[in-house]
1. Out of region 242-273, which residues are over 14 Å from residue 225 (Cβ atoms) and within 19 Å of the chain's Cα centre (by Cα)?
2. Determine, yes or no, whether residue 177 is of a type in the set (D, E, K, R), in contact with a strand residue (DSSP E or B) (Cβ under 7 Å, 6 or more places away or on another chain) and either not in a helix (DSSP H, G or I) or not assigned by TED's automatic domain parsing to the domain that holds residue 247 (or both).
3. So which of 26, 19, 33 ends up being in contact with a Leu (Cβ under 6 Å, 6 or more places away or on another chain) and among the β-branched types (Val, Ile, Thr)?
4. Residue under question is residue 55, and the condition is that it be touching a Lys or Arg at 6+ places or on another chain (Cβ under 6 Å) and not charged (D, E, K, R); does it hold?
5. Are any of the residues in region 84-97 surrounded by fewer than 18 Cβ atoms within 10 Å (Cβ to Cβ) and farther than 25 Å from residue 247 by Cα?
6. Just for region 224-241: of the residues that are within 23 Å of the chain's Cα centre (by Cα) and among the basic types (Lys, Arg), which one is surrounded by the fewest Cβ atoms within 10 Å (Cβ to Cβ)?
7. Taking region 62-74, which residues are touching a residue at least 24 places away in the same chain (Cβ under 8 Å), assigned to a helix (DSSP H, G or I) and farther than 13 Å from residue 30 by Cβ?
8. For residue 36, all conditions in the list (1) at pLDDT 95 or above; (2) not in a helix (DSSP H, G or I) hold save one; what is the number of the exception?
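The values are calculated or read from the model by the stated rules, or taken from the named source; none is laboratory data. Only a predicted model underlies this, so the values are computations on that prediction, with no experimental measurement involved. In this analysis, Cβ positions are derived from the backbone assuming ideal geometry, glycine residues included, and neighbour counts consider all displayed protein chains.
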Amino acid sequence: MTVVEVIQKSTEFLAQRGVESPRLQVELLLAHVLQMPRMKLYLNFDQQLNETELARLREMIQRRGKREPLQHIIGSTSFCGLEIEVSPVVLIPRPETEILAEHAWLFLQSITSPAPFALDLATGSGCIGIALATLCPAARVFAVDVSVPALALAKRNAERLGVAERITFLESDAFSRLPKECRFNLIVSNPPYIPSAEIETLEREVRDFDPRLALDGGPDGLNFYRLFAKEAGSFLAADGKVMLEFGDGQAAALKEIFERAQWQVEKVVRDYTGRERFLIASRAPDRQP
């Protein structure tokens, strides 16, 4: 069977099972099997696949047809130009979260301290903390998560990408096990923010394969933010900032939570689709130490 025949038949198979962008999904899986850039497939439409290649691709297409995420099948995804290992123990990094990472590293680069200190809370795969350590080589990063399997995966990512020496990984439920003397220039987080009752309505790739721990934000999706607004100030340097991702329609409630806790909300940033998605805040003047 040739490349073009495989693409056509596999695309039809995935389309019948409701997979979004089925041809793109097939091309990405086939490029992975053949170990070539996706666009090179178009120059090799008549290439015959051997039995080993066909067997590998069939198995991957079957898994994708059951709505297992492409990133799980391949075992990695791209984030800020870095290859990040993923698995069912962590949330798959989303493209929009790169916006959060970009704002974070630009702020770190603006700090005059010779060694900016950042906290990546609910680090998951480690993608944000690793991106910060890569893009801002002077920075030191604490990467915190309550999930031991997630931390193990994040450590592997940091080691493979050569930044493990500048990242401290810590098992902690939010701030509970952080050293009390820590004062961070930046605290960044992409926490759970889906309201509990909405999880069952999510697309199958998310509902059935992302860890519930990384999705479930409580009845209104805001449990983490209430805790954060109450406790983060104790760990933030006087001139520091916090940067958080949040869900659709949560901006007004989030601003109210932070302002009531006497934070100064500096900016709400939109994602690639124009939705309000990220909050940037600092200590209010009367909260300065």
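1. Filtering region 242-273 for residues over 14 Å from residue 225 (Cβ atoms) gives 248, 262, 264, 266-267, 269-273.
Scanning region 242-273 gives 248, 269, 270, 271, 272, 273.
2. Working: of a type in the set (D, E, K, R): yes; in contact with a strand residue (DSSP E or B) (Cβ under 7 Å, 6 or more places away or on another chain): yes; either not in a helix (DSSP H, G or I) or not assigned by TED's automatic domain parsing to the domain that holds residue 247 (or both): yes.
Spelling it out, residue 177 is indeed of a type in the set (D, E, K, R), in contact with a strand residue (DSSP E or B) (Cβ under 7 Å, 6 or more places away or on another chain) and either not in a helix (DSSP H, G or I) or not assigned by TED's automatic domain parsing to the domain that holds residue 247 (or both).
3. Criteria check complete, one pass: 33.
4. Details: touching a Lys or Arg at 6+ places or on another chain (Cβ under 6 Å): no; not charged (D, E, K, R): yes.
It is false that residue 55 is touching a Lys or Arg at 6+ places or on another chain (Cβ under 6 Å) and not charged (D, E, K, R).
5. Scanning region 84-97, I find no residue that is surrounded by fewer than 18 Cβ atoms within 10 Å (Cβ to Cβ) and farther than 25 Å from residue 247 by Cα, so the answer is no.
6. The selected residue is 226.
7. 65, 72
8. (1)
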